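To keep things clear, I will list the structure first and then write my remarks on it.
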Amino acid sequence: MEASQGDRIIIRGRTVGSTDRHGEILEVKGENGAPPYFVRFDDGHETILYPGGDFAVERKTGS
């Protein structure tokens with residue numbers, strides 16, 4: 001898994017009826033885009049995250 005600062009993340013809900021969580025990677029703490037990632041979720045919660053199998057990255061688009 002590789003990501004960059006500014007990429008969007010999606011963590012898929014794992015149970016029936018649970019919603020996906022969306023956020024932005026504020027900082028990549030690993031080397032060469034590797035985890036852990038410092039993430040701010042859309043609800044304002046911030047955390048250090050090691051992604052699992054339910055994690056997807058949406059690459060930021062260039063300007």
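What follows is calculated from the coordinates using simple rules that are stated; it is not laboratory data. This is a predicted model, so every value here is computed, not measured.
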Output the Cα-based Rg and Dmax of the range 8-58 in Å, rounding Rg to one decimal and Dmax to a whole number. 10.9, 36
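Could you work out the relative contact order of the chain, using alpha carbon pairs under 8 angstrom and six or more residues apart, expressed as a whole percent?
The value is 36 percent.
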